[in-house]
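Quick note: the coordinates plus some simple rules give every number you see, no bench work behind them. Quick caveat, the model's predicted, so the values are computed rather than measured. Glycine gets a Cβ as well: all are built from the backbone with ideal geometry, and neighbour counts include every protein chain shown.
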Amino acid sequence: MFDCKIYLIRFHKKGDLQLDKPAIKFENVTYRYPGAEKPAIENVSLEIKIGETVLLTGPSGAGKSTLCYMLNGIVPHSFEGELQGDIIVNGVNTKERTIGELAFISGMLFQCYIKDKRP
Ligand SMILES: Nc1ncnc2c1ncn2[C@@H]1O[C@H](COP(=O)(O)OP(=O)(O)O)[C@@H](O)[C@H]1O
Ligand SMILES: [Mg+2]
């Protein structure tokens, strides 16, 4: 029914939570995978506040997963491609941190495709 992903913002130390800042902010984000003709994400701006629960829906290929990869730096640090705009998570620009550093503030839990074999 929906591309099931749960977004977790985790703070590893007391005092790390930037209460005065949005949890997630995209500023005019455009991203193209290496060699792709069209951008997977085009001019997206959004703001998600601390404590908000957001359901991201759209058809296959709409860019949902790609958007998630931006929350913890997989884009642009692992998938290179072309990124324009800024992705700010807990006040941190993801371009300025490694994936390892971002893992302390942002995590992703993927859906599990394994069928439950219990009777
Ligand atoms: N690793 C990749 N390399 C090149 N293009 C990709 C890659 N992953 C996804 N895409 C393309 O980016 C677009 C968005 O894909 P994706 O974020 O997976 O969409 P969704 O999760 O909404 O189904 C699609 O056109 C898809 O083909
Ligand atoms: Mg997907």
Task: Simple Cβ-charge dipole of segment 6-109, Lys/Arg +1 and Asp/Glu -1, about Cα centre, in debye nearest 20 - done: 320
Open item on the list: Run the numbers for ASN28 and VAL54: contour at 0.36 nm per residue of separation, minus the present Cα-Cα distance, in nm.
Closed with: 7.4 nm
- [ ] Quote the relative contact order of segment 6-109 in percent (integer), defining contacts as alpha-carbon pairs under 8 Å separated by 6+ residues.
- [x] 38
Open item on the list: Which residue, THR66, PHE79, ILE50, has the largest displacement toward the positive end of the dipole of segment 6-109 when charges sit on each Cβ (Lys, Arg +1; Asp, Glu -1)?
Closed with: ILE50
Task: Filtered trypsin sites (Lys or Arg not before Pro), segment 12-108: DSSP coil and at most 14 other beta carbons within 10 Å - done: LYS13, LYS14, LYS49
